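Right, one structure below, let's go through it.
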Ligand SMILES: *[C@@H]1O[C@H](CO)[C@@H](O)[C@H](O)[C@H]1NC(C)=O
Ligand SMILES: *[C@@H]1O[C@H](CO)[C@@H](O)[C@H](O)[C@H]1NC(C)=O
């Protein structure tokens, strides 16, 4: 730790900056929690925020919260309209002075998908690197199971979703319905899903800004859990999916990649798209691996990567 910090300071002093007031201040980090979690639970996101601050001394970290209270935020992870939620977060982040010069982004589970949507839809957030952990980028073919049985909100979400993800009310009030994609009923997905087809460019009418904002990322890092028990298929964390017979389709075999309407192929060919496999269940990642990811992708502040850490 001591050695790393000295190297960091040395390189910061050596770098010639056109923005002297930024000298020495690392780029802020925005984190977005997963389903069932909140912005500010001391034992979950609290740990993450402490880890980031420990790894990058002096960094400003913002943990996304929807609603005025922690319980409203938890609720918003199950119920609400994702298009409105992304708009709202965009407006709120615009007002935070520390985030005016850009930020690195780190999203957990569905929070990673929402951060990507934010990159695509919220141009005032100058995103540098985006790292997502077990995020359903291509959607889910099954509604996620509840992390624990006693979770009443989650149970209610699953009960509603079981009545038909695209039925009236549910399709724009249940969050998980808005990234549900049944490979056997793609026509219904395209017609009725109010969120994912738009941000993934699955519709004929595409927002060309989405592509330019994705390729403006310095790095897109996709962490997938090999034994993921929440996100099905786990390939979705790498932008892959399954066909109508359940066979895995890697991102590189999709039309989205081939025609590159989201810019993923360009990022890939430019070595700016990174696929990380973690052996384990959903979110089973050790502190050491998390620290490495933070140091490798966020550690260098505005001057790019300074730390020399080994690969995962
Ligand atoms: C949060 O957790 C940390 C580490 O476990 C602990 O030191 C701290 O006292 C906790 N803070 C609160 C407000 O519970
Ligand atoms: C991906 O596409 C290549 C070339 O068309 C094909 O050979 C390969 O079998 C495909 N892989 C999968 C898993 O679909």
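FYI, it's all coordinate maths here, none of it is from the lab. Since we're looking at a predicted model, the values are computed, not measured. For neighbour counting, all protein chains shown are included, and Cβ atoms are generated from backbone atoms with ideal geometry for every residue, glycine included.
Observations
- In a fully extended conformation the segment linking residue 229 and residue 269 would gain 11.3 nm over its present Cα-Cα distance, using 0.36 nm per residue.
- Anisotropy class of region 246-286 from Cα gyration tensor, a/c 1.5 cut: oblate
- Principal-axis tilt of helix 287-298 within the chain, Cα atoms, nearest 10 degrees: 70 degrees
- Region 194-294: C-alpha gyration tensor shape, a/c 1.5 cut-off, then a/b vs b/c: oblate
- In the chain, the calculated helix contribution to ellipticity at 222 nm averages -9500 deg cm²/dmol per residue, counting -39,500 (n - 2.57) for every DSSP H run with n ≥ 4.
- Residues 279, 182, sorted so that the one with the fewest Cβ neighbours within 10 Å comes first: 279, 182
- Cα-only Debye scattering, the chain: base-10 log of I(q)/I(0) at q = 0.12, 0.13 Å⁻¹: -0.78, -0.92
- For region 215-272 versus region 38-62, the inter-centroid distance based on Cα atoms is 28 Å.
- Entry note: region 62-122 has Rg to Rh equal to 0.93, where both radii use alpha-carbon atoms and Rh is the Kirkwood radius.
- Gaussian network model of the chain, Cα within-10 Å springs - most flexible of 178, 252, 65: 252
- On Cα atoms only, tilt of 152-161 relative to the major axis of the chain in degrees: 50 degrees
- Residues of region 216-255 with an amide N closer than 17 Å to a point placed 7 Å from the Cα of residue 142 along the Cα-to-Cβ direction: 225-237, 241-249.
- Using a Gaussian network model of the chain in which every pair of alpha carbons under 10 angstrom is joined by a spring, one finds that among 101, 282, 297 the greatest mean-square fluctuation is at 101.
- Nearest 10 degrees, 0 to 90: helix 2-14 Cα axis against the chain principal axis: 70 degrees
- Whether region 221-273 is rounded, prolate or oblate, judged on the alpha carbon gyration tensor where a/c under 1.5 counts as rounded: oblate
- Relative exposure of 271, 212, judged by other C-beta atoms within 10 Å (fewest first): 271, 212
- Taking 20 Å as the cut-off, the amide N atoms of region 178-198 that come nearer than this to a point 7 Å along the Cα-to-beta-carbon line of residue 90 belong to 178-179, 193-198.
- Between residue 159 and residue 245, the simple label model (points 7 Å from Cα in the Cβ direction) yields a spacing of 3.9 nm.
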